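One structure is given here, and the rest of the page talks about it.
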Amino acid sequence: MRRIGMLTSGGDCQSLNATMRGVAKALYKMYDDVEIVGFEDGYKGLMYADYRIMKPSEFSGILTRGGTILGTSRQPFKLMKTPDENGLDKVAAMKHTYYKLKLECLVVIGGNGSQKTANLLREEGLNIVSLPKTIDNDLWGSELTFGFHSAVDVATNAIDCIHTTAASHGRVFIVEIMGHKVGWLTLYAGIAGGADIILIPEIPYDIDVVVEAIKGRVRSGKNFTILAVAEGAISREDAALTKKELKEKKKNGPAYPSVAYALGAQIQEKTGQEIRVTVPGHMQRGGEPCPFDRVISTRLGAAAAQMIKNEEYGYMVALNDSQITKVPLEEIAGKLKTVDPNSDIIKEAKSVGISFGDE
Ligand code: F6P
């Protein structure tokens, strides 16, 4: 009997179940004697030996189901070496569970932080195969992550809905899209939804440029403007500050629930136009995976199973140029895949008149 552990870690997304199904179905087809051990709520389940032996039937009928049948939780990488409130050594506890269950390999399905912990466990000698999950699409080493395109669909739909009401009322609308550190989701949903202004963390904006873009639309007879703004969008002024200075500035300034509201107040003051803010929030991680994500989840899952069969451990399965590839965990841990401000997609978006608030 061979035993493979599996966990989903960090923020959820639409295609986690489809991915686990891909891994499991391929493993069950390869081996008659495989048992999948599912850990509850990500690394927490591995730490506290909270697991169940999965039945093959649990992986059926879940291709289209959002969320994760195993549950997930955030276990920050920076706290992995800090004992828990009862003094438990988390890394030692995870290793203990792994060896106690006689696992052949642990399949980790997660985003950036989870990949760092996966790499730490690899360094500790565990056999790891990981898969790239996140609506943020910010994992270094994979051109695409599953969850991203499903979230683009939801965020685009939010902008589409805002379009009609913005046009009816002649208002300026800000749609705040998820992504604190990177702007992939805002960029794609912004382009797909026909946003007039897209603000992402990688391109700090100048508020006067943003205001001028709105005024320019008014001058050309357009009575509404839609801004797609990433959670982590930042002004040039703030981007020039140190983390500490920025924290201080925010503490002493007016308290806004999020960047969209702060920006909205500034735009209202400078243009006199009526502003509305919409935050689709966690809706962007919910619902069914889109067909594209179902396909890549199935492919990545099947490839992960093949890697287990080949005993190729210590890698994240990735998707690059539409091909399945594998990237060593030590190469990806701690790196972010950000939007290049000089990339073609930004140039193309600018060439059709989208403002990024920078020029
Ligand atoms: O990493 C995925 C993500 O959805 C980000 O886009 C977002 O900023 C964050 O998670 C929200 O985290 P939480 O679900 O913990 O509020």
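The values are calculated or read from the model by the stated rules, or taken from the named source; none is laboratory data. Bear in mind that the values here come from a model prediction, so they are computed numbers and not experimental data. In this analysis, Cβ positions are derived from the backbone assuming ideal geometry, glycine residues included, and neighbour counts consider all displayed protein chains. Remember, those area values only see protein heavy atoms, side chains included, never the ligands or the DNA or RNA. Shrake-Rupley method; radii C 1.70, N 1.55, O 1.52, S 1.80 Å.
Of the helices (runs of 4 or more DSSP H) that lie entirely inside region 69-175, those containing 2 or more residues that are assigned by the TED database to the domain that holds Gln273 span 148-169. Looking across region 224-240, the residues that are over 26 Å from the mean Cα position of the chain (by Cα) and open to solvent by less than 80 Å² (accessible area, probe 1.4 Å) come down to Phe224, Thr225. Inside region 319-359, residues that are surrounded by fewer than 15 Cβ atoms within 10 Å (Cβ to Cβ) and in a loop (DSSP other than H, G, I, E, B) make up a count of 11.
Let's see how each residue does on (1) within 25 Å of Tyr31 (Cα to Cα); (2) open to solvent by less than 10 Å² (accessible area, probe 1.4 Å):
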| position | (1), (2) |
| --- | --- |
| Cys105 | yes, yes |
| Val108 | yes, yes |
| Asn112 | no, no |
| Gly125 | yes, no |
| Ile128 | yes, yes |
| Glu143 | no, no |
| Val154 | no, no |
| Cys161 | no, no |
| Ala167 | no, no |
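Looking only at residues in region 1-58 that are open to solvent by 10 Å² or more (accessible area, probe 1.4 Å) and of a type in the set (Ser, Thr, Tyr), which one is farthest from the chain's Cα centre (by Cα)? For region 1-58, the residue satisfying everything is Tyr31. You will find that of Asp206, Asp196, the residue that is outside the structural domain of Thr134 (by the TED database), more than 29 Å from Thr145 (Cα to Cα) and under 27 Å from the mean Cα position of the chain (by Cα) is Asp206 and no other. Among the residues of region 64-78, just one is more than 16 Å from the ligand (Cβ to nearest atom) and either crowded, with 18+ Cβ neighbours inside 10 Å or at pLDDT below 95 (or both), namely Leu70. For region 176-193, the candidate set comprises residues that are within 11 Å of the ligand (Cβ to nearest atom) and not in a helix (DSSP H, G or I); within that set, the residue that is surrounded by the most Cβ atoms within 10 Å (Cβ to Cβ) is Ile177. The condition of being touching a helix residue (DSSP H, G or I) at 6+ places or on another chain (Cβ under 7 Å), within 14 Å of the ligand (Cβ to nearest atom) and of a type in the set (A, V, I, L, M, F, W, C) holds for only one of Val154, Val172, Val107, that being Val154.
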